[in-house]
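Undergrad: First the structure, then my questions, so here it is.
The values are calculated or read from the model by the stated rules, or taken from the named source; none is laboratory data. Note that the structure is predicted; figures quoted are calculated from it, not measured. Positions of Cβ are backbone-derived with ideal geometry, glycine not excepted, and every protein chain shown enters the neighbour counts.
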Amino acid sequence: MVFHPESGIIFIWRCIVLLISLVIALDAPLWNALDYGHEFLWNIFYIIGSTAYIFDIFVNLRTGFFVKGELVTEKKEIFQHYLRGWFAVDFLSLLGVVVISIMLINGIPLSGILHLATLLPILKIIHSVSSVRSWLAAQTMNPSTLRLIYSLFWLALTAHWIACGWLKMGMIDPKLGHGENYITALYWCVTTLTTIGYGDITPKTPPQIIFTMVVQIMGAGMYGYMIGNLASLIANLDIAKAQFQEKLEKVSTFMRNRSVPADLQRDILAYYKYLWANRRGTDEADIIEDLPISLKERVALFLNREIIAKVPLFQGASEDLIRQIVLKLKPQIYVPGDYVFRHGDIGNEMYFISKGAVEVVAADGKTVYAVLHAGDFFGEMALLFSMPRTAGARALEFSDLYMLEKKDFNQVLNNFPAFKKEIHEKAEQRKKELQNQSD
Ligand code: CMP
């Protein structure tokens, strides 16, 4: 059996390994520096850790991988890929955990080469974090958020390791307990890394001075990197809002410069407000444009599902018809009082109402023939009977409409006679109503 790298079970397993390796990455270096005693429960934890690391090697040997977007599930290839990749890291970490387990069980003190061996399991966290990150990236998690979490995670872990290194360099105050010593070391690390460096804790011996210089250089680099990155990440998190605001500013400046009448300005700004509240300011058509036709169809079906569900005309329609129409519907927004068209206009499109209300009005703009709501359609008569608009259409409230152009309308009618019949019936009925009203 070979697991899919993006399956749920693999993610759960990766999270378990990440949790274990995180505890080890925190405990092993601190133990190395402070040489404190471990309670009995830690023995069990490290034994579980060793077992998990062994098991993880087998899981990795049974998990497919992607090459240029294609999934590889061939066992031999997985084996080679793993051997060339993460195997060394996993193996060294396993070795380290086993050494720690044996030391803890037998009460062997830290000495000589064991100092180095007990640091080996730290390596595992690099692999676990990278696997969980790729899994999350595949699950359409926002890349900016992911990068932010990833950077902060590594920053915190590195600070811990540097603090452990500082203690290891002999900066332990025997008067203080382990906890206080660690907090002091962490404080030194944070002030040095962030280039604040109060100078209240200073290196004494040459190795400590060298260590401090390395951390200072790292700090300068990391500080610049993090500040620059954080600024762009935070800006990216709400890129839609920033772009929308920029557009709004452009529109306002334009209206002021050209002295657009105040009421028109108000309507335009109200339109943008509505656009932001309903669509987060994105131009859907623009984004869909880049997609291949099959994806376009699926996105359009998804985005227009509301209108399809609302319009009774579509309810009995075949899936084929819906797919054809959905791709051709163009969303439009009207502010209250706006004319979609006026009586006598040449009609080149019909409309479906998704949200809001539209009144059908006579040429005088006062007589209201009907008020149409979500799910209704209008503007079909001019297309069916090739004549000017029999009435005007005016938005009563903010209205989301979907427009179907004449050529698409005709194409759909030709392909779907049942649809044609229904629309014809409705148009004839409206024609009669209009005649009755004008008589
Ligand atoms: P059209 O003539 O293209 O443009 C005006 C539209 O108003 C018309 O198509 C119909 O869709 C619609 N309409 C006309 N009369 C009525 C009515 N009595 N009730 C509802 N809608 C109507």
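Undergrad: Could you pull out the residue among Thr205, Thr212 that is in contact with a Ser or Thr (Cβ under 9 Å, 6 or more places away or on another chain) and either aromatic (Phe, Trp, Tyr) or farther than 30 Å from Leu275 by Cβ (or both)? Steps first, answer last, please.
TA: Numbers: Thr205 fails: in contact with a Ser or Thr (Cβ under 9 Å, 6 or more places away or on another chain).
Residue meeting the stated conditions: Thr212.
Undergrad: Taking Gly37 as meeting all but one of (1) modelled with pLDDT under 95; (2) closer than 30 Å to Asp173 by Cα; (3) part of a helix (DSSP H, G or I), write down the number of the exception.
TA: Among (1) modelled with pLDDT under 95; (2) closer than 30 Å to Asp173 by Cα; (3) part of a helix (DSSP H, G or I), Gly37 violates only (3).
Undergrad: Now for a separate question. Go through the stretch 94-211 and tell me which helices (runs of 4 or more DSSP H), entirely inside it, have 3 or more residues that are buried (at least 16 other Cβ atoms within 10 Å of the Cβ) and modelled with pLDDT of 90 or more. Don't jump to the end; show me each part of the working.
TA: Values: elements: 113-117, 123-138, 143-168, 178-193.
Where helices (runs of 4 or more DSSP H) fall fully within the stretch 94-211 and carry at least 3 residues being buried (at least 16 other Cβ atoms within 10 Å of the Cβ) and modelled with pLDDT of 90 or more, they are 123-138, 143-168, 178-193.
Undergrad: Considering only the stretch 330-358, state which residues are of a type outside the set (Val, Ile, Thr), within 10 Å of the ligand (Cβ to nearest atom) and surrounded by 19 or more Cβ atoms within 10 Å (Cβ to Cβ).
TA: Hits for the stretch 330-358 are Phe341, Gly347, Glu349, Met350, Tyr351.
Undergrad: Give the residues of the stretch 247-282 that are outside any helix (DSSP H, G or I), of a type in the set (Ser, Thr, Tyr) and surrounded by 13 or more Cβ atoms within 10 Å (Cβ to Cβ), sorted by residue number. If you could, list the steps in order and put the result at the bottom.
TA: Start the filter on the stretch 247-282 by keeping residues that are outside any helix (DSSP H, G or I), which leaves 258-261, 280-282.
Remaining after also requiring of a type in the set (Ser, Thr, Tyr): 259, 282.
Answer for the stretch 247-282, where residues must be outside any helix (DSSP H, G or I), of a type in the set (Ser, Thr, Tyr) and surrounded by 13 or more Cβ atoms within 10 Å (Cβ to Cβ): just Thr282.
Undergrad: Separate question: Could we say that Tyr36 is of a type outside the set (A, V, I, L, M, F, W, C), touching a residue at least 12 places away in the same chain (Cβ under 8 Å) and exposed (fewer than 13 other Cβ atoms within 10 Å of the Cβ) here? Spell out how you get there, then give the answer.
TA: Values: of a type outside the set (A, V, I, L, M, F, W, C): yes; touching a residue at least 12 places away in the same chain (Cβ under 8 Å): yes; exposed (fewer than 13 other Cβ atoms within 10 Å of the Cβ): yes.
Yes; evaluated as a whole, the condition is true for this residue.
Undergrad: Of all residues in the stretch 403-421 being among the aromatic types (Phe, Trp, Tyr) and part of a helix (DSSP H, G or I), which is farthest from the ligand (Cβ to nearest atom)? Full working, then the answer.
TA: Of the stretch 403-421, the ones among the aromatic types (Phe, Trp, Tyr) are 409, 416, 419.
Remaining after also requiring part of a helix (DSSP H, G or I): 409, 419.
Working: Phe409: 11, Phe419: 16 Å.
Checked the stretch 403-421; the qualifying residue farthest from the ligand (Cβ to nearest atom) is Phe419.
Undergrad: Here's a check for you: in the stretch 422-439, which residue that is basic (Lys, Arg) and closer than 16 Å to Met350 by Cβ is nearest to the ligand (Cβ to nearest atom)?
TA: Initially, the stretch 422-439 is screened for residues basic (Lys, Arg), giving 426, 430-432.
When the remaining residues are screened for being closer than 16 Å to Met350 by Cβ, the result is 426, 430-431.
On the way: Lys426: 8, Arg430: 4, Lys431: 8 Å.
Taking the candidates together, the pick is Arg430.
Undergrad: Still on this structure: Give the residues of the stretch 288-323 that are in contact (Cβ under 8 Å) with a residue 40 or more places away in the chain and either touching a helix residue (DSSP H, G or I) at 6+ places or on another chain (Cβ under 7 Å) or on the phi > 0 side of the Ramachandran plot (or both), sorted by residue number.
TA: The answer is Asn304, Leu313, Ala317, Leu321.
Undergrad: Quick one: His424 ticks every box in (1) at pLDDT below 90; (2) outside any helix (DSSP H, G or I); (3) surrounded by 13 or more Cβ atoms within 10 Å (Cβ to Cβ) bar one, so which box is it?
TA: (2) is the only condition that His424 fails.
Undergrad: Do any residues in the stretch 414-430 that are without any contact (Cβ under 8 Å) to a residue 24 or more places away in the chain have Cβ atoms under 6 Å from those of residues that are of a type outside the set (D, E, K, R), where the two are at least six apart or on different chains, and which pairs are they?
TA: Lys420/Leu413
Undergrad: Here is a follow-up. Limited to the stretch 359-369, what total is found for residues that are near the ligand (Cβ under 8 Å from one of its atoms) and either at pLDDT below 90 or surrounded by fewer than 20 Cβ atoms within 10 Å (Cβ to Cβ) (or both)? If you could, list the steps in order and put the result at the bottom.
TA: Taking the stretch 359-369 first, the residues near the ligand (Cβ under 8 Å from one of its atoms) are 360, 369.
Filter again for either at pLDDT below 90 or surrounded by fewer than 20 Cβ atoms within 10 Å (Cβ to Cβ) (or both), leaving 369.
Total meeting the criteria: 1.
Undergrad: Could you list all residues from the stretch 370-401 that are away from the ligand (no atom under 14 Å from the Cβ) and either in contact with a Ser or Thr (Cβ under 7 Å, 6 or more places away or on another chain) or modelled with pLDDT under 90 (or both)?
TA: Ala374, Asp400
Undergrad: Taking Asp400 as meeting all but one of (1) assigned to a strand (DSSP E or B); (2) more than 40 Å from the chain's Cα centre (by Cα), write down the number of the exception.
TA: (2)
Undergrad: Which one is farthest from Pro121 (Cα to Cα), of the residues in the stretch 54-93 that are in contact (Cβ under 8 Å) with a residue 40 or more places away in the chain and in a loop (DSSP other than H, G, I, E, B)? Steps first, answer last, please.
TA: Keep residues of the stretch 54-93 that are in contact (Cβ under 8 Å) with a residue 40 or more places away in the chain, which gives 54, 56, 59, 62-66, 71, 73, 75, 78, 86, 93.
This time we only want the ones that are in a loop (DSSP other than H, G, I, E, B), so: 62, 64, 73, 86.
Working: Arg62: 22, Gly64: 25, Thr73: 29, Trp86: 13 Å.
My answer is Thr73.
Undergrad: Keeping to the stretch 388-397, report how many residues are part of a strand (DSSP E or B) and farther than 22 Å from Leu303 by Cβ. Explain how you work it out, then say what you get.
TA: Pass one, the stretch 388-397, residues part of a strand (DSSP E or B): 392-395.
Next, from what is left, pick out any that are farther than 22 Å from Leu303 by Cβ: 392-394.
Looking only at that region, the number is 3.
Undergrad: Can you pull out the residues in the stretch 76-123 that are β-branched (Val, Ile, Thr) and within 15 Å of Leu26 (Cα to Cα)? Steps first, please.
TA: Taking the stretch 76-123 first, the residues β-branched (Val, Ile, Thr) are 78, 89, 97-100, 102, 105, 108, 113, 118, 122.
Residues satisfying the conditions are Val97, Ile100, Thr118, Ile122.
Undergrad: Let me ask another. Out of Ala231, Ala285, I need the residue that is surrounded by fewer than 12 Cβ atoms within 10 Å (Cβ to Cβ), part of a helix (DSSP H, G or I) and in contact (Cβ under 8 Å) with a residue 24 or more places away in the chain. Which one? Steps first, answer last, please.
TA: Values: Ala231 fails: in contact (Cβ under 8 Å) with a residue 24 or more places away in the chain.
Going through Ala231, Ala285 in turn, just one is surrounded by fewer than 12 Cβ atoms within 10 Å (Cβ to Cβ), part of a helix (DSSP H, G or I) and in contact (Cβ under 8 Å) with a residue 24 or more places away in the chain: Ala285.
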